[in-house]
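So the structure is just underneath, and the comments pick up after that.
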Amino acid sequence: MTDSIQVAEIDSFHLLIEGLKLNGIETIYALPGIPITDLCRKAQAAGMRVISFRHEQHAGNAAAIAGFLTQKPGVCLTVSAPGFLNGLTALANATTNCFPMILISGSSEREIVDLQQGDYEEMDQLAIAKPLCKAAYRVLEAEDIGVGIARAIRSALSGRPGGVYLDLPAKLFTQSLPIEEGRQSLIKVVDPAPRQIPAPEAVARALELLKGAKKPLILLGKGAAYARAENEIRQLVEKTGIPYLPMSMAKGILPDTHEQSAAAARSYVLPEADVVVLIGARLNWLLSHGKGKTWGGKTSKTWGGQQYIQIDISPIEADSNVPIAAPLVGDVGSCVSALLAGIGNNWAKPPADWIGAIADRRTKNVAKMAETLAKNPSPMNFQSALAVVRDVLRDQPDTVLVNEGANALDFTRSIVDMYKPRKRLDVGTWGIMGIGMGFSVAAAVETGEQVLSIEGDSAFGFSGMEVETICRYNLPVCIVVMNNNGVYKGTDVNPTGGPDVAPTVFVKNARYDQMMVAFGGVGVYATTPEELRQGIDEAFRSRRPTLINAVIDETAGTESGRITSLNPTAAKKTA
Ligand code: ADP
Ligand code: TPW
Ligand code: MG
């Protein structure tokens, strides 16, 4: 009922909640405290899902991966100064990975902050956020909340997606507007991520280059997974017959078992290809900057002669590391469709010797891997444990796999095949530790699917307290801690013989499984592949929060996993 004489008011809390809902944002990842506590309560009362965490970084990571999974910005709410800073790592990581996310933090009164008068949790948050994200805005008046949300959404989603900071000073939360005026001030953003069609001459240039290729290769990155262009990409791959390689989070855009996957011949095809089509992938350190300086610790002599076609929504990505002969600026779906239109049905397949050479390597490497996986050492090593995980994913390909660690990451990436897009979520562009539980929570919340998190024991420690969050919301998350007693391995010793253990070594035989039990979840202690399989099967059947402590040979890992080459002292040792 509205009373036309005594005008009803809508406060800033509700303007914010309604502004988000109007734009299809129904979930908030948060950590309460003044004034966010009330905002969280009111959001829940208004029917939003509020997932409350134990540390802001994990709420932020959850929001970031929700953005990747849904193409809507994930929203993280924090309190000021320390809460904001805790969330900022996730915002910066989201921006680095091109995930759309909005960090909303409460902040102190401008007047006090600007004169540095020492307010409760005082900090000039806007200034600090600015260099670490794609855009940062502050809303000071209730009537601007709608505009603030609209600008945040457009900034997060349009062009190259990224993180946005929205600063809400305390003063805002004391304001309200007449209800009609308030509602009208809100904006429903129309077409926040418009398709971007590549120029016809750019498409022609790319096709010309591709036509002349003797050893073409398609390289898929997580931008292609985000773009949801799997149908177009499959057509491009199959119509041209060109072999392809997925970057880590692009695994599953096409099933890893696809006959054109060159993943098992990766170190051969990368330096050997003559024309590489990059689709939503950057030529950063993960691709040796396109210069082949080092690959798996070795120097490649042949790398460097490649010509590139690069599909990217960012017009400034091309030439960032090496010259790009044919940049295609646009969204992946539109660019690949344009290539497909030009390719028609009579495209000549790549030369047989290129395809044959890849097939040979692939067969050899697959056989080698099969031999390793068939071994059953005691204690388990990474391979024998991950053979189990490989089978689980094959049997239940809808499972979302979250993965972090060093060896625990590298072995999982190469052993566990993915069958569907956006099912593999990992440490991304920075190789950051700590995404594990935040990503797991959001994956479960956003997809409703079973989540399987393969975690190094060190990696797990960064977000381990969030097992309480997983239990509290009763999420179908099964965590496997690959417990090798430390960072990389558990065998380092203190060279002085002093009482402190080496810096990479943890408490021996720690029982991570008991952490889950402490909060009412299921703990499993697994020393064999059979016990690991049983634990995972039971977790999937019950969908209960489960933590399996998988005992891994503490001597099994290598220093820095696969990036030993980046470690100056380790590189010197082997030189
Ligand atoms: P990976 O780590 O898998 O190699 P990167 O994060 O390095 O992937 O690269 C992703 C690229 O995808 C970024 O350069 C980004 O600009 C681009 N990108 C993101 N979304 C789209 C899209 N919808 N269309 C085209 N390119 C996109
Ligand atoms: C935020 C440096 C890279 S990998 C790793 C660390 C600390 C842990 C490796 O041990 P884990 O894996 O997880 O037990 P495993 O299987 O090899 O034993 N801080 C941040 N990010 C990174 N990447 C680091 C430190 C690092
Ligand atoms: Mg470890």
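Laboratory data are not the source of any read-out in this text; all were calculated from the coordinates shown. All values reported here derive from a predicted model rather than from experimental measurement. Here the Cβ is made from the backbone with ideal geometry for all residues, glycine too, and neighbour counts use every protein chain on show.
Put a plus charge on the Cβ of each Lys and Arg, a minus charge on the Cβ of each Asp and Glu, and nothing anywhere else: the dipole of the range 9-184 about its Cα centre is then about 920 debye.
Principal-axis analysis of the Cα atoms of the chain puts helix 332-343 at an angle of about 40° to the longest axis. Axis angle, to the nearest 10 degrees, between helix 145-157 and the longest C-alpha principal axis of the chain: 0 degrees.
In order along the range 400-415, the phi-based Karplus estimate (6.51 cos²θ - 1.76 cosθ + 1.60, θ = phi - 60°) of 3J(HN,Hα) comes to 8, 9, 9, 8, 8, x, 10, 4, 4, 7, 4, 5, 5, 4, 8, 8 Hz; Gly and Pro are listed as x.
With neighbours defined as other Cβ atoms within 10 Å of a residue's Cβ, the residues C335, C40 order from fewest to most as C40, C335.
Within the same chain, aspartates and glutamates fewer than 8 places from K214 are excluded, and of the rest, those with a Cα less than 18 Å from its Cα are E238, E272, D274, D353, D360. For the range 200-360, the square roots a ≥ b ≥ c of the C-alpha gyration tensor eigenvalues yield an a/c under 1.5, which makes the shape rounded.
Computed from label points 7 Å out along Cα-Cβ, the spacing between N376 and T37 is 5.6 nm. When the Cα gyration tensor is reduced to axis lengths a ≥ b ≥ c, the ratio a/c is 1.5 or higher for the chain, and with a/b not above b/c it is classed as oblate.
Could you calculate the contour length gain from R160 to T558, that is, 0.36 nm times the residue separation minus the distance between their Cα atoms, to one decimal place in nm? Write down the numbers at each step before the final one.
Working: separation 398, 0.36 × 398 = 143.28 nm, distance 3.54 nm.
The span from R160 to T558 would gain 139.7 nm if fully extended.
Cross-link pairs exceeding 24 Å in C-alpha to C-alpha distance, out of K188/K222; K291/K423; K134/K251; K134/K423; K134/K188; K42/K130, comprise K188/K222; K291/K423; K134/K251; K134/K423; K42/K130.
State to the nearest 20 debye the size of the charge dipole of the chain about its Cα centre, where the only charges are +1 on K and R beta carbons and -1 on D and E beta carbons. Don't jump to the answer; show the numbers that get you there.
Details: 56 positive and 60 negative charges, 443 e Å.
That gives the chain a dipole magnitude of about 2120 debye.
Note the full-extension length gain between Q196 and A45 as 0.36 nm times their separation in residues minus their Cα-Cα distance, in nm to one decimal. Kindly include the intermediate steps, with their values, before the conclusion.
On the way: separation 151, 0.36 × 151 = 54.36 nm, distance 3.88 nm.
The span from Q196 to A45 would gain 50.5 nm if fully extended.
Counting neighbouring Cβ atoms within 10 Å and putting the fewest first, the residues Y488, Y29, Y419 line up as Y419, Y488, Y29.
For the range 257-270, 3J(HN,Hα) computed residue by residue from phi via the Karplus equation (6.51, -1.76, 1.60; θ = phi - 60°) reads 8, 4, 5, 8, 5, 9, 4, 6, 10, 3, 6, 7, 5, 4 Hz, glycine and proline entered as x. Going by neighbour counts of Cβ atoms within 10 Å, the residues F540, F84 line up, fewest first, as F540, F84. Residue ranges 359-370, 146-157 sort as 146-157, 359-370 when ordered by packing (mean number of other C-beta atoms within 10 Å per residue, highest first).
Taking the longest Cα principal axis of the chain as reference, the axis of helix 230-240 is set at about 30 degrees.
3J(HN,Hα) couplings calculated from phi for the range 98-103 with the Karplus curve 6.51 cos²θ - 1.76 cosθ + 1.60 (θ = phi - 60°) are, in sequence order, 6, 9, x, 8, 10, 9 Hz; Gly and Pro show x.
For the chain, the mean residue ellipticity at 222 nm estimated from helices alone is -11500 deg cm²/dmol, where every DSSP H run of n ≥ 4 contributes -39500 (n - 2.57) and the total is divided by all residues, rounded to the nearest 500. In plain terms, the C-alpha convex hull of the range 104-243 casts an average shadow of 12.8 nm² when viewed from every direction. Apply the a/c threshold of 1.5 to the C-alpha gyration tensor of the range 9-184 and tell me whether it is rounded, prolate or oblate. In terms of gyration-tensor shape, rounded.
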